[in-house]
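One structure below.
What follows draws every value from the coordinates through simple rules; no lab data is involved. What you see is a predicted model, and the numbers here were worked out from it, not measured in a lab. All Cβ positions, even for glycine, are placed from backbone atoms using ideal geometry, and neighbour counts span all protein chains on display.
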Amino acid sequence: MNNILEIKNLSKHFDDVTAVKNVDFAVEEGGFFSILGSSGCGKTTLLRIIAGFQQESEGDVIIRGQSMKGIPPEKRPVNIVFQNLALFPMMNVRENVAFGLKRQKLRKGDINYKVNEMLERVGLHGYENKKVTDLSGGQRQRVAIARSLVMNPSILLLDEPLGALDRKLREHMKVELKLLQKEIGTTFVYITHDQSEALVMSDKVAVMHDGQFEQIDTPRNLYKNPKTSFVAGFVGDSNRFELQSTEAGSMTTKGGWTLPQPDLNGSAKELYIRPEALILNPANNLNDVDRFEVTIKTILFDGSSTKLSTMVSGSNEELLISLPQNAQFEGIEEGHTLNVGIHHNDLKCF
Ligand SMILES: Nc1ncnc2c1ncn2[C@@H]1O[C@H](COP(=O)(O)OP(=O)(O)OP(=O)(O)O)[C@@H](O)[C@H]1O
Ligand SMILES: [Mg+2]
């Protein structure tokens, strides 16, 4: 595959803060690449460097094989959608979307054609003459995306574009954005602190922490095979245990729960277990499964899923267990004990 964007050993220092540290990655043409990280980890700084609004301290940004050193933002084949959208409130939808094309001094007929086509694509046909202040949050979002896409960038950079929307609309927009990206085929580099957005939409996700990339992977791998304890704790829900000791083949948590230590990582300090990796009443013939008993403390029902908050018998450890959709609820009552199993591959130690 063709890499449209390559970031080589990029760093950015602000006085005493290093906002971006030795970041290296490549994005395939037509891909949806997300950078996921909590507030202040350096996401916006990285995006602004790619766009040319900020200069790197070290390293290089390469687009279609060409270094962007010394190339100003307006000459780079990228466009950016900001978190606050930055729409022009005095202009209507058409004028907002046409703005960049007008500055390029395109012919009026060409501008109209492109604007109409783009509004159609983002589902805003018929809204041309509305003021952007009269639109809903999701519609404004689409105007901002249309305004960037109409410039036909090689890469669209999006800085938390759904951040300002309420939860329901965000859920809806992330599906729409993914479909739109697939349809138009433009490469997206999307930054967010919302793991669900990153996992649902992306082909590849980079988890960023304190200026550095911890792991770049497919959403599924990131979830299934986290490479660092930060990724294991940040992506998805996990039970986390601190380890007291590890010996040949076994480990004991601070709360006194002893389990097998499958990857014999003698220096491991933490153990992560996904709530849905736990098996209720494991069959006797399952291999590589550790078996233990828990006592149910409380049942957490939230509509689509049920979780059990439990204590591991003989220890002082709490364990959250997700029940499968088709779980039998016989015997699942507060105070009852349950037999539980965990596959050795699902014990993640760091
Ligand atoms: N122009 C600047 N001058 C000095 N420090 C800056 C500047 N821009 C960013 N920083 C610092 O760099 C770090 C990373 O900031 P950045 O805005 O890139 O984070 P972010 O991941 O986008 O956070 P958020 O999710 O809150 O938007 C922060 O510590 C911030 O204070
Ligand atoms: Mg930011």
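Residues whose amide H comes within less than 5 Å of that of GLN54, counting only those at least five positions distant or on another chain, are ILE49 (H built at 1.01 Å from N in the peptide plane).
Picking from GLN215, GLN141, GLN54, which is most flexible by a Gaussian network model of the chain using Cα springs under 10 Å? Of GLN215, GLN141, GLN54, the most mobile in the Gaussian network model is GLN54. The relative contact order of the chain comes to 15 percent, based on Cα pairs under 8 Å that sit 6 or more residues apart.
Pairwise Cα distances in the chain exceed 28 Å for 54 percent of all pairs.
Among the listed pairs LYS227/LYS254; LYS224/LYS348; LYS8/LYS227; LYS75/LYS102; LYS43/LYS204, give every one whose C-alpha distance is greater than 18 Å. Checking Cα-Cα distances, LYS227/LYS254; LYS8/LYS227 exceed 18 Å. Label positions at PHE88 and THR295, each projected 7 Å from the Cα along the C-beta direction, are separated by 6.9 nm. Leaving out same-chain residues fewer than 8 places away, which aspartates and glutamates sit with a Cα under 17 Å from that of LYS269? Reachable aspartates and glutamates: GLU242, GLU247, GLU317, ASP346. By the rule of a C-alpha distance below 13 Å, with chain neighbours fewer than 8 residues away ignored, the aspartates and glutamates paired with LYS114 are GLU95, GLU128.
As a size descriptor, the averaged projected area of the C-alpha convex hull of region 245-307 was calculated at 5.8 nm². When the charge dipole of the chain is built from unit charges on Cβ atoms (+1 for Lys and Arg, -1 for Asp and Glu) and taken about the Cα centre, the candidate among GLY37, ILE191, VAL205 whose Cα reaches farthest toward its positive end is ILE191. Size descriptors for region 237-349: radius of gyration and Dmax over Cα atoms are 13.9, 43 Å. Close amide H contacts of MET208 (hydrogens built in the peptide plane, cut-off under 5 Å, sequence separation of 5 or more or a different chain): LEU36, GLY37, GLU214. The calculated 222 nm mean residue ellipticity attributable to helices in the chain amounts to -7000 deg cm²/dmol, summing -39500 (n - 2.57) over DSSP H runs of n ≥ 4 and dividing by all residues. Each residue of region 140-153 was assigned a 3J(HN,Hα) from its phi angle through the Karplus curve 6.51 cos²θ - 1.76 cosθ + 1.60 (θ = phi - 60°); the sequence is 4, 4, 5, 5, 4, 5, 4, 4, 7, 5, 5, 7, 6, x Hz, with glycine and proline shown as x.
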